[in-house]
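A.B. asks: Take this structure, written in structure tokens, and hold onto it; I'll ask about it next.
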Amino acid sequence: MSTQEGRAGELRGRLTDSLYGLGWAGVKKLPEPAAQALGRRIADEAWRRRGKGVTRLESNLARVVPGASATQLRRLSHAGMRSYMRYWMESFRLPSYSEQQLIRSVSVAGLHHLTGGLAAGRGVVLALPHLANWDLAGAWAVTATRTRFTTVAERLKPESLYDRFVAYRESLGMEVLPHGGATAFGTLARRLRAGGLVCLVADRDLSATGIEVSFFGEAARMPAGPALLAQQTGALLLPVTLWYDEVSPAMNARVHAPVPVPEIEGRRERVAAMTQTVADTFAAGIAAHPADWHMLQRFWSADLAPAGRAGT
């Protein structure tokens, strides 16, 4: 990389960090209807520009909704961008939510799977895809269960942006560890053995060493961490799916039944089987609410170049 390119990248990083800072500082002061309207305007403009994120979203949705026409995919990607910007508007406002407002913002089915596991002291791993608003779900879980949980965060550039995201999530009651390495895995395992709660966004492999699964009929890789943690610590592994609807302003969530550890030989084989079960649960939730799957990056193995997978 040339010096000029490096300076340009550094400038883009500072600009990105500043924009996120403005979002958290400014959007949370807006009345909710104004924030929602702003999110829709930004989403509509981004969709009209048809940048790489929008076209990649449509490519991903074509796998989720096979047989959809180009017109149908365009409508779905438009709804998807509005859902994606709803995530950001909510996230920028989350630090200002009262406890009552936060509780009203999420409607949960299957909560007994979570509360029962915590009450039994087994430790619980919640595995979520990039559906609807996973940060809102996490903040709700902290408030509703009175249990702080541990998660991991992808290293972002510039470092100041990563620090901003960590501070934001810690303000919501989360313990945030940097993604990758044995240190993070060991800390997560200790929290679970102590009967704690771990929440992981688990549909996109960031390590390039994940488990290959069949996802909407094609090969993809998902992180092994949730299944491996559950197998090694005896914690419950609970998939969670999220979605928005037109009936209620609250986000919907479903905590699914525990993923069993199969009685088969080989640790990796057991992890692979459990990860496939998680993938199947995610796929069902995404198929039911495709516009709420915020996957604007390359995802399936066929779309990822053999080199540089982790940086894609």
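A.B. asks: So if each residue of separation counts as 0.36 nm, and I subtract the Cα-Cα distance between residue 72 and residue 212, what length gain in nm does that give? Write out the running numbers ahead of the final one.
C.D. replies: Numbers: separation 140, 0.36 × 140 = 50.40 nm, distance 2.96 nm.
Full extension of this stretch gives 47.4 nm more.
A.B. asks: Roughly speaking, what % of Cα-Cα pairs in the range 191-242 are separated by over 11 Å, rounded to a whole number? Could the numbers behind the result be given before it?
C.D. replies: Values: 949 of 1326 pairs.
Roughly 72 percent, rounded to a whole number.
A.B. asks: Next question. Kindly write out, for the range 259-266 in residue order, the coupling ³J(HN,Hα) from the Karplus curve 6.51 cos²θ - 1.76 cosθ + 1.60 (θ = phi - 60°), rounded to whole Hz, with x marking Gly and Pro.
C.D. replies: Per-residue couplings from phi come out as 7, x, 7, x, 8, 10, 6, x Hz.
A.B. asks: Let me ask something additional. Before rounding to the nearest 500, sum -39500 (n - 2.57) across all DSSP H runs of length at least 4 in the chain and divide by the residue total; then give [θ] at 222 nm in deg cm²/dmol.
C.D. replies: -17000 deg cm²/dmol, from helical runs alone.
A.B. asks: Another question, then. Tell me the carbon and sulfur percent of the accessible area for the range 78-191, rounded to whole percent, probe radius 1.4 Å. Display every interim value, and only then the final one.
C.D. replies: Numbers: 2530 of 4820 Å².
Its accessible area is 53 percent carbon and sulfur atoms.
A.B. asks: By how many nm would the segment from residue 219 to residue 144 grow when fully extended, if each residue of separation counts as 0.36 nm and the alpha-carbon distance is taken off?
C.D. replies: Values: separation 75, 0.36 × 75 = 27.00 nm, distance 3.67 nm.
Full extension from residue 219 to residue 144 adds 23.3 nm.
A.B. asks: Rounded if a/c is under 1.5, else prolate if a/b beats b/c, else oblate: with a ≥ b ≥ c from the C-alpha gyration tensor eigenvalues square-rooted, which is the range 83-144?
C.D. replies: Values: a/c = 2.48, a/b = 1.67, b/c = 1.49.
Prolate shape, in that a/c is at least 1.5 and a/b is the bigger ratio.
A.B. asks: In what sequence, highest mean first, do 235-247, 127-139, 46-58 appear when ranked by Cβ atoms within 10 angstrom? Don't skip to the answer; put the middle values down first.
C.D. replies: On the way: 235-247: 20.3, 127-139: 24.9, 46-58: 15.5.
Answer by packing, highest mean first, reads 127-139, 235-247, 46-58.
A.B. asks: Here is a further query. For the range 112-205, what is the accessible area per residue in Å² when the probe is 1.4 Å? Walk me through the intermediate numbers first.
C.D. replies: Values: 3820 Å² over 94 residues.
Roughly 41 Å² per residue, with all protein chains present.
A.B. asks: Right, here's the next one. Would you please classify the overall shape of the range 229-312 from the alpha carbon gyration tensor, given that a ≥ b ≥ c denote the square roots of the eigenvalues, rounded means a/c under 1.5, and beyond that prolate means a/b larger than b/c while oblate covers the rest? Write down the numbers at each step before the final one.
C.D. replies: Working: a/c = 2.62, a/b = 1.17, b/c = 2.24.
Oblate, because a/c is 1.5 or more while a/b does not exceed b/c.
A.B. asks: If you keep only loop residues by DSSP, which GluC sites (Glu not before Pro) in the range 127-199 have at most 16 other Cβ atoms within 10 Å of their Cβ?
C.D. replies: Values: sites: 154, 159, 170, 175; in loops: 154.
Taking the range 127-199 and a limit of 16 other Cβ atoms within 10 Å, the loop GluC sites (Glu not before Pro) found are 154.
A.B. asks: Something else: What is the set of long-range amide H partners of residue 224 at a cut-off below 5 Å, with H atoms built 1.01 Å from backbone N?
C.D. replies: Here 211 satisfy the definition.
A.B. asks: What are the principal axis extents of the Cα atoms in the chain, in Å, biggest first?
C.D. replies: That works out to 51, 46, 45 Å along the principal axes.
A.B. asks: For the chain, what's the relative contact order in percent, using C-alpha pairs closer than 8 Å and at least 6 residues apart?
C.D. replies: So the answer I get is 23 percent.
A.B. asks: Just how far, in whole angstrom, is the range 239-271 from the range 157-210 if you go by their alpha carbon centroids?
C.D. replies: Cα centres, the range 157-210 to the range 239-271: 19 Å.
A.B. asks: May I pose another question? Kyte-Doolittle mean at least -0.5 and Cα extent at least 20 Å along the axis: which DSSP H helices of the chain qualify?
C.D. replies: Details: long enough: 3-26 (34 Å, -0.65); 32-49 (26 Å, -0.98); 70-93 (34 Å, -0.83); 267-288 (32 Å, 0.17).
Helix filter hits for the chain: 267-288.
A.B. asks: Within the range 63-79, whose backbone N sits under 19 Å from a point 7 Å along Cα→Cβ of residue 280?
C.D. replies: 64
The values are calculated or read from the model by the stated rules, or taken from the named source; none is laboratory data. Since this is a predicted model, take the numbers as computed values, not measurements. Please note: Cβ atoms are built from the backbone with ideal geometry, for glycine as well, and neighbour counts cover all protein chains shown. These area figures cover heavy atoms from the full protein model, side chains too; ligands, DNA and RNA do not enter into them. Shrake-Rupley method; radii C 1.70, N 1.55, O 1.52, S 1.80 Å.
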